[in-house]
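The values are calculated or read from the model by the stated rules, or taken from the named source; none is laboratory data. Bear in mind that the values here come from a model prediction, so they are computed numbers and not experimental data. Note: ideal-geometry Cβ built from the backbone for every residue, glycine included; neighbour counts use all protein chains shown. With ligands, DNA and RNA removed, areas are computed over all heavy atoms of the protein, side chains included. Shrake-Rupley method; radii C 1.70, N 1.55, O 1.52, S 1.80 Å.
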Amino acid sequence: MEKFVQLKGLVAPLDRANVDTDQIIPKQFLKSIKRTGFGPNLFDEWRYLDEGYPGQDNSKRPLNTEFVLNQERYQGASILLTRRNFGCGSSREHAPWALLDYGFKVILAPSFADIFFNNCFKNGMLPIVLPEEEIQTLFEQVESNPGYELEVDLPAQTVTRPDGTKLSFEVDAFRKHCLINGLDDIGLTLEDTEAIKAYEEKRQALEPWVFDVRGDL
Amino acid sequence: MTAKTLYDKLWESHLVTERDDGSALIYIDRHIIHEVTSPQAFEGLRLAGRAPWRREMNFATIDHNVPTTPFKSAADIEDETSRIQVVTLQDNTKEFGIRNYGIGDTRQGIVHVMAPEQGAVLPGMTVVCGDSHTSTNGAFACLAHGIGTSEVEHVLATQCLVAKKMKNMLVRVDGELGLGVTAKDVVLHIIGVIGTAGGTGHAIEFAGSAIRSLSMEGRMTVCNMAIEAGARAGMIAVDDKTIDYCKGRPFAPTGDAWEKAVAYWRTLVSDEDAHFDTVVEIRAEDIKPQVSWGTSPEMVLPVDATLPIPEEEADGVKRSSMERAYEYMGLTPGMKITDIKVDRVFIGSCTNSRIEDLRAAADVVKGKTKAASVKQAMVVPGSGLVKRQAEEEGLDKIFLAAGFEWREPGCSMCLAMNPDRLEPGEHCASTSNRNFEGRQGNGGRTHLVSPAMAAAAGIAGHFVDVREL
């Protein structure tokens, strides 16, 4: 996994609540067996006027010019600002993959859906929860200041506005450690191999039927 | 000893190790796999040269992509990308020695129908799958939730997950459910009350006399939609119904092991004085048949209601969501739910495709005919075994005689990854779980309802109150 430490980047505002994973990446694109290449279809139904399908040349499709990410001033954005309960719906990791492939590494919202939130950390992305009032202020500032950038500092757990105001945020210690060091979760867990084996032995004595599933193999 | 909730007990019995930073490693008893969220995980294993920790704990089947018209081999799947995923799962499970209920196997079906049906899921287990509706399995007093593909790989490689304990939420529904009010109406009503983020960060335990009165199929419907209330996991304590359902299933213990298991399973209830961080109390008598009108499951109302007026909503964020939903759904504030016309009917999905659901729909349809204005009414059983049982009971004949279609098992029009889908602008009475924009097809308009309500709408051509039939 790629490390995440600091990021200074352009902010794009997506002023909608309850943005679900079907909106982030519609189901027809889940048929890929790869982790990359989802960026051109991020928010597909909002971004384009026609219906998208896998494998088409997206550069030739008619754009919905009213959709915020299609506006010139937000091209190259790496921070997405949005509203409450972002990422609700399915567990598809294709949602963070699509956001990352498009170029977003940080998402700011008043709240996130649990599975989406967790999936972001597995991909070197940082979802940040800020109070609703601070999110509102950021929306106002982004919309009235073209080229609006924020500085995100994970070790310090701060988001710094252009006027120097620092907003602090909470992050789980384990997730922070993994992001800063770009650690592979599986490798870390396998360091606990002995503990897993000891657990299995103890459990097998108590609930043997849980482990008795080899019959058909 | 302090009193514990069911979730506390499940968490503690699966704790492998706790780390200094507050995270924990929990053991996973069952991992269910399907074709859409697993290819990248198997590829990850291959690249790292890792093998599954315990291959026998994994159960795979195909559901999201499969056609619901008869097909005999992968070559019959017309859509190339779908076919590749189905074949990739076949290849991956073969390579890693994992069982896969694939094409032509009567056990094949929607992951959350297949797993309980096989007794793969039993009380007291932790169950995960790369699918958010894994919460369904919580009906068996399991800690069951969806995971992303990175975690699919993690579970394959380690049989564990890195987790943090969630908060405890109790949703208690006491009283007697009225005639025509089903498990689906109960859970839609709950979501209408607490909202789509109401359960975020929590594991929800559903309890109370109305929940106890539900069959295991009904309980699965309720737990299935915990995720639509924001909670990754929903669960229900063990009682006689749980144990009766599990008895004799292919992967259930037998003999002495069964007796020992039952004795343990009986302890899987919340202690009387257990502490819940959040408690929601609902009167069963307040629940009417529900119909969702908007683009989020919380936009739901009783069938006899009129649609809400955005100007009356005080919360600005909610008001703009409502306005956007009206625009998408092509509906007018203040109109009656029963005036909404239906173009298609979908009876199926991991929420409502079990035998009891099909019986309820067949009861409404029997001896009647689909409205001419309804283009299609599709019944999609949840598994090959559900299909077989329904056919033994003659339900297929009832549906076909009424002009409904009888299909092969799969996820089908719940998420339209296969050819079953809505055309832009069409309204669908659907027994599925999500009414998001485009969920059932680009521009499609979903109304979430119970199987009986969907069937009734198919006959009338618009929503009707099943209590009046």
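Scanning the range A:129-138 for residues that are in contact (Cβ under 8 Å) with a residue 40 or more places away in the chain, surrounded by fewer than 21 Cβ atoms within 10 Å (Cβ to Cβ) and either more than 11 Å from chain B (Cβ to nearest Cβ) or not in a helix (DSSP H, G or I) (or both) turns up just one, A:VAL129. I'd like to check something: does the range A:165-185 contain any residue that is more than 14 Å from chain B (Cβ to nearest Cβ), open to solvent by 50 Å² or more (accessible area, probe 1.4 Å), touching an Asp or Glu at 6+ places or on another chain (Cβ under 8 Å) and not hydroxyl-bearing (Ser, Thr, Tyr)? There is no residue in the range A:165-185 that is more than 14 Å from chain B (Cβ to nearest Cβ), open to solvent by 50 Å² or more (accessible area, probe 1.4 Å), touching an Asp or Glu at 6+ places or on another chain (Cβ under 8 Å) and not hydroxyl-bearing (Ser, Thr, Tyr). Figure legend. Inter-residue proximity from the range B:30-46: first residues open to solvent by 10 Å² or more (accessible area, probe 1.4 Å), second residues among the acidic types (Asp, Glu), beta-carbon distance below 6 Å, spacing 6+ or different chains. Indicated pairs: B:GLY44/B:GLU153. For A:LEU7, are the conditions met, namely being under 28 Å from B:ASP315 (Cα atoms), more than 9 Å from chain B (Cβ to nearest Cβ), of a type outside the set (Lys, Arg) and not in a loop (DSSP other than H, G, I, E, B)? The answer is no for A:LEU7. Scoring B:LYS165 on the criteria (1) more than 10 Å from chain A (Cβ to nearest Cβ); (2) more than 25 Å from B:ALA452 (Cβ to Cβ); (3) not in a loop (DSSP other than H, G, I, E, B); (4) not small (Gly, Ala, Ser) leaves a single failure, condition (3). The condition (being in contact with a Lys or Arg (Cβ under 7 Å, 6 or more places away or on another chain) and farther than 30 Å from B:ALA3 by Cβ) is satisfied by just one residue among B:PRO302, B:PRO333, B:PRO308: B:PRO302.
Beta carbons closer than 6 Å, at least 6 apart along the sequence or on distinct chains, pair a first residue in the range B:210-237 that is away from chain A (no Cβ under 14 Å) with a second that is surrounded by fewer than 23 Cβ atoms within 10 Å (Cβ to Cβ) and at pLDDT 95 or above for B:ALA210/B:GLY175; B:ALA210/B:LEU177; B:ALA210/B:ALA284; B:SER215/B:GLU356; B:MET216/B:LYS241; B:MET216/B:TYR245; B:GLU217/B:GLU356; B:ALA237/B:VAL269.
Would you mind stating whether B:HIS462 is away from chain A (no Cβ under 14 Å) and either open to solvent by 10 Å² or more (accessible area, probe 1.4 Å) or among the polar types (S, T, N, Q) (or both)? Answer is yes for this residue. Taken over the range B:318-334, the residue count meeting the criterion of being free of Cβ contacts under 8 Å to residues at least 60 places away in the same chain, assigned to a helix (DSSP H, G or I) and within 20 Å of B:ARG434 (Cβ to Cβ) is 7.
In the range B:298-337, which residue that is polar (S, T, N, Q) and over 26 Å from the mean Cα position of the chain (by Cα) is modelled with the lowest pLDDT? Filtering the range B:298-337 for residues that are polar (S, T, N, Q) and over 26 Å from the mean Cα position of the chain (by Cα), the one modelled with the lowest pLDDT comes out as B:SER320. Being within 22 Å of A:ARG35 (Cα to Cα), open to solvent by less than 10 Å² (accessible area, probe 1.4 Å) and of a type in the set (Val, Ile, Thr): is that true of A:VAL159 here? It is false that A:VAL159 is within 22 Å of A:ARG35 (Cα to Cα), open to solvent by less than 10 Å² (accessible area, probe 1.4 Å) and of a type in the set (Val, Ile, Thr).
What is the residue count in the range B:290-317 for residues that are assigned to a strand (DSSP E or B) and either of a type in the set (D, E, K, R) or touching a Phe, Trp or Tyr at 6+ places or on another chain (Cβ under 9 Å) (or both)?
Going residue by residue through the range B:290-317, those that are assigned to a strand (DSSP E or B) are B:290-292, B:300-302, B:306.
Subsequent filtering for residues that are either of a type in the set (D, E, K, R) or touching a Phe, Trp or Tyr at 6+ places or on another chain (Cβ under 9 Å) (or both) retains B:291, B:300-301.
Summing the residues that are assigned to a strand (DSSP E or B) and either of a type in the set (D, E, K, R) or touching a Phe, Trp or Tyr at 6+ places or on another chain (Cβ under 9 Å) (or both) in the range B:290-317 gives 3.
For the range B:364-384, does any single residue satisfy the condition of being more than 25 Å from B:LYS288 (Cβ to Cβ) and assigned to a helix (DSSP H, G or I)? Checked the range B:364-384: at least one residue is more than 25 Å from B:LYS288 (Cβ to Cβ) and assigned to a helix (DSSP H, G or I). Check the range A:104-124 and report whether any residue there is among the aliphatic types (A, V, I, L, M), closer than 18 Å to A:GLY37 by Cβ and assigned to a loop (DSSP other than H, G, I, E, B). Among the residues of the range A:104-124, not one is among the aliphatic types (A, V, I, L, M), closer than 18 Å to A:GLY37 by Cβ and assigned to a loop (DSSP other than H, G, I, E, B), which makes the answer no. State yes or no: is B:PRO289 farther than 18 Å from B:ILE194 by Cα, of a type outside the set (D, E, K, R), open to solvent by less than 20 Å² (accessible area, probe 1.4 Å) and modelled with pLDDT of 95 or more? Judged against the criteria, B:PRO289 is not a match. Number of residues in the range B:310-351 that are within 30 Å of B:GLY109 (Cα to Cα) and either of a type in the set (Asp, Glu) or surrounded by fewer than 17 Cβ atoms within 10 Å (Cβ to Cβ) (or both) equals 1.
For every residue, the table says whether it meets (1) closer than 18 Å to B:HIS64 by Cβ; (2) touching a helix residue (DSSP H, G or I) at 6+ places or on another chain (Cβ under 8 Å).
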position	(1), (2)
B:PHE96	no, yes
B:GLY102	yes, yes
B:THR106	no, yes
B:GLY124	no, yes
B:ASP131	yes, yes
B:ALA141	no, yes
B:THR149	yes, yes
B:ALA157	no, yes
B:LYS167	no, no
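Condition check for A:VAL159 on (1) at pLDDT below 95; (2) hydrophobic (A, V, I, L, M, F, W, C); (3) outside any helix (DSSP H, G or I): one failure, at (1).
Residues in the range B:1-17 that are modelled with pLDDT of 95 or more and surrounded by fewer than 24 Cβ atoms within 10 Å (Cβ to Cβ): B:ALA3, B:LYS4, B:THR5, B:ASP8, B:LYS9, B:TRP11, B:GLU12, B:SER13, B:HIS14, B:LEU15, B:VAL16, B:THR17.
Are any of the residues in the range B:100-118 open to solvent by 10 Å² or more (accessible area, probe 1.4 Å) and among the hydrophobic types (A, V, I, L, M, F, W, C)? For the range B:100-118, residues open to solvent by 10 Å² or more (accessible area, probe 1.4 Å) and among the hydrophobic types (A, V, I, L, M, F, W, C): present.
If you go through the range B:133-143 one residue at a time, do you hit one that is open to solvent by 20 Å² or more (accessible area, probe 1.4 Å), touching a Pro at 6+ places or on another chain (Cβ under 7 Å), not hydrophobic (A, V, I, L, M, F, W, C) and not in a strand (DSSP E or B)? Looking for residues that are open to solvent by 20 Å² or more (accessible area, probe 1.4 Å), touching a Pro at 6+ places or on another chain (Cβ under 7 Å), not hydrophobic (A, V, I, L, M, F, W, C) and not in a strand (DSSP E or B), one finds none in the range B:133-143, hence no. Scanning the range A:116-128 for residues that are facing chain B (nearest Cβ under 10 Å) and open to solvent by less than 10 Å² (accessible area, probe 1.4 Å) yields A:PHE116, A:ASN119, A:CYS120. From the list B:CYS414, B:CYS428, the one residue that fits, being touching a Leu at 6+ places or on another chain (Cβ under 6 Å), touching a residue at least 60 places away in the same chain (Cβ under 8 Å), surrounded by 21 or more Cβ atoms within 10 Å (Cβ to Cβ) and not charged (D, E, K, R), is B:CYS428.
Here's the yes/no breakdown for (1) open to solvent by 10 Å² or more (accessible area, probe 1.4 Å); (2) over 24 Å from the mean Cα position of the chain (by Cα); (3) of a type in the set (Lys, Arg):
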residue	(1), (2), (3)
B:ALA60	no, no, no
B:VAL66	no, no, no
B:PHE71	yes, yes, no
B:ALA75	yes, yes, no
B:GLU80	yes, yes, no
B:ARG83	yes, yes, yes
B:LEU89	no, no, no
B:LYS94	yes, yes, yes
B:GLY97	yes, yes, no
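Filtering B:GLY382, B:GLY438 for residues that are of a type in the set (Gly, Ala, Ser), open to solvent by less than 30 Å² (accessible area, probe 1.4 Å) and within 19 Å of B:THR295 (Cβ to Cβ) leaves a single hit, B:GLY438.
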